[in-house]
Amino acid sequence: MVIRRVLAPRIDFGALRRELGLPESFPPAAQREADEAAGAPLPAVADRTDIPFVTLDPATSRDLDQAMHLSRRPGGGFRVRYAIADVATHVRPGGALEEETWCRGQTVYLPDGNVPLHPHTLSEGAASLLPDADRAAVLWTIDLDADGGTVAVALERARVRSRAKLDYVGVQLAADAGTLPEPIALLPEIGALLTARGLRRGAINLPLPEQDVEPDGDGWRLVLRGPGPMEDHNAQISLLTGMAAADIMLAGGIGLLRTMPAPKPEAVDRLRLAAGPLGVHWPAGMPVGPVLAGLDASQPRAAAFIDQAAELMRGAAYTAFDGELPEQPEHGGVAATYAHVTAPLRRLADRYATEVCLALHEGREVPEWARAALPKLPEVMASTDRTASAATRGAIELTEAVLLSHRVGETFEAAVLDVDAPRPVAEVPRQPGTDPARPGGNGGGKAGRPPGGTVALDEPPVRARCLGELPLGERVAVRLVTADPTARKVLFERA
């Protein structure tokens with residue numbers, strides 16, 4: 001795992017919040033419903049508080065959707081118990097709180113505080129799977145064989161109690177030392193099996209380092225963090241559950257899938273052409289997934305190849321169905337059918353998809369409030385996905401611009417991650433009375449955008465546009481020409 005931090009001064013993210021129209025608070029009626037739900041007794045459901053669940057999240061998170069317990073099955077194989085916050089227990093259909101969550105769609109994360117899908121009394125309180133407290137959950141029990149194949153799935157509403165709030169950094173250190181706590185001691189083994197199965201299916205995982213902005217005293221730090229093995233293993237448990245949910249909904253003929261077309265063959269061919277010049281070994285007949293899985297994203301040429309591979313992951317959407325099954329039900333990145341059900345505190349769609357799964361598994365009718373929501377969810381989630389992405393991107397761009405605003409004119413070393421594709425040039429008509437032979441005389445000719453691409457600096461960890469002829473995957477010297485916090489713009493040119 002690669003972590004790089006650079007301190008930035010105080011930054012006001014208020015303008016970004018206003019630009020995106022993010023709400024500052026919940027309407028009084030919605031807040032009142034949340035407070036009342038937080039104080040209500042838990043429903044009478046199966047008591048599973050004897051299972052020593054733990055949560056695994058970023059250290060600062062308090063909106064804890066998932067808790068897990070992993071064990072071996074007698075006779076071989078594994079049992080995955082995955083408890084998901086039962087948000088539907090706390091949100092009354094048709095009420096003011098449900099209406100407000102439809103306006104928000106999902107939690108939007110900003111460095112100076114999130115804009116939650118649910119009021120904090122629920123999202124970071126009574127509905128969150130915080131340790132040492134009884135909580136309402138939907139408990140998935142998934143039995144696997146010795147190779148990680150699913151052999152049985154069950155789910156139920158249950159009362160659970162987490163024993164510990166674990167974080168990725170601490171768990172990775174424990175894994176490296178061989179001292180993982182019992183509830184997740186099997187996570188590396190199960191995660192590796194599930195990853196291998198995914199690669200054999202044709203799954204694609206992009207190991208891109210993530211940029212983030214974190215508080216640091218009176219200022220902020222810009223962080224570039226590569227995914228750690230335990231974080232990847234944890235993600236496999238969520239994927240496993242999402243695939244089980246999709247199977248239940250497809251068998252029942254109703255639900256909400258997360259879909260994406262499989263990569264187009266011509267896109268894979270273009271990526272294969274880029275492998276040789278970037279020094280990436282791609283054996284004949286090998287799918288793209290294992291090629292990507294073997295790369296070190298901290299190396300410039302590998303990072304450029306991974307950036308090019310992002311072009312394969314286009315067209316993700318939510319697909320609702322009721323009766324007639326979707327024509328294209330699969331998610332190309334997962335290489336299987338898949339649904340979002342594991343983050344209901346943070347994503348609106350998960351609450352309704354989970355309710356569908358519960359009803360189908362129990363052999364009862366899907367509640368009308370959940371059925372009626374399905375066809376409306378894809379548009380709401382697409383719109384709020386754009387808002388959440390704009391918030392993340394805008395916060396990073398603002399931090400980068402503030403961080404570099406006093407360094408215009410300096411030269412930095414950078415890796416070239418992407419190069420603009422050539423665009424057809426346009427004929428520029430000659431103006432009457434001009435000299436076609438005179439440079440700049442508007443005597444006609446061809447015009448196109450100047451060459452350029454995307455570069456990544458080592459220090460500070462900034463990704464930005466750069467003008468000039470750029471060699472993909474190579475290291476070059478670049479000069480900072482613009483760092484404008486007001487416009488949230490950073491621009492380099494090749495030195």
Exercise for the section: Would you please name the trypsin sites (Lys or Arg not before Pro) within region 287-363 that are DSSP coil residues with at most 13 other C-beta atoms within 10 Å of their C-beta? Expected result: Arg314
Handout entry: Dimensions in Å of region 264-312 - Rg and Dmax from alpha carbons
Key = 9.8, 28
Fill in the blank from the handout: Summing +1 per Lys or Arg and -1 per Asp or Glu among the other residues with Cβ less than 13 Å from Gly253's Cβ gives -3
Exercise for the section: Compare the Cα positions of Trp282, Gly217, Ala477 along the charge dipole of the chain (+1 at Cβ of Lys, Arg; -1 at Cβ of Asp, Glu; about the Cα centre) and return the one farthest towards the positive end. Expected result: Ala477
Problem - Sparse-neighbourhood loop sites, trypsin sites (Lys or Arg not before Pro) in region 186-224 - DSSP loop, at most 16 other Cβ within 10 angstrom - result: none
Exercise for the section: Please give the length that would be gained between Ala274 and Gln299 if that part of the chain were fully extended, namely 0.36 nm times their separation in residues minus their C-alpha to C-alpha distance (nm, one decimal). Expected result: 7.4 nm
Fill in the blank from the handout: Rounded to 0.05, the calculated FRET efficiency for the beta carbons of Glu182 and His406 at R₀ = 41 Å is 0.20
Problem - Peptides ranked, highest mean first, by Cβ atoms within 10 Å: ranges 105-115, 61-71 - result: 61-71, 105-115
Completion exercise
Among (i) 279; (ii) 190; (iii) 129, the value of volume of the Cα convex hull per residue in Å³ computed for this structure carries the label (ii)
Exercise for the section: Could you give the size of the charge dipole of region 215-352 about its Cα centre, using +1 on the Cβ of each K and R and -1 on the Cβ of each D and E, expressed in debye and rounded to the nearest 20? Expected result: 220
Handout entry: Residue-span extension gain [Leu325 to Glu99] - 0.36 nm each, minus C-alpha spacing
Key = 78.5 nm
Exercise for the section: Report the antiparallel proportion of the DSSP beta bridges in the chain as a percent, rounded to a multiple of 5. Expected result: 85
Problem - Surface/4 of the Cα convex hull for region 282-410, nm² - result: 12.5
Problem - Gain on full stretching of the segment that runs from Arg10 to Leu173 - 0.36 nm per residue minus C-alpha separation - result: 55.5 nm
Handout entry: Packing rank of 141-148, 337-344, where each peptide gets the mean count of other beta carbons within 10 Å, highest leading
Key = 337-344, 141-148
Problem - Dipole moment magnitude, nearest 20 debye, the chain about Cα centre, only Lys, Arg, Asp, Glu C-beta charged - result: 920
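Computed from the coordinates by the stated procedures, all read-outs in this text should not be read as laboratory data. Quantities reported herein were computed from a predicted structural model and do not represent experimental measurements. Note that we place each Cβ from the backbone using ideal geometry, even for glycine, and neighbour counts take in every protein chain shown.
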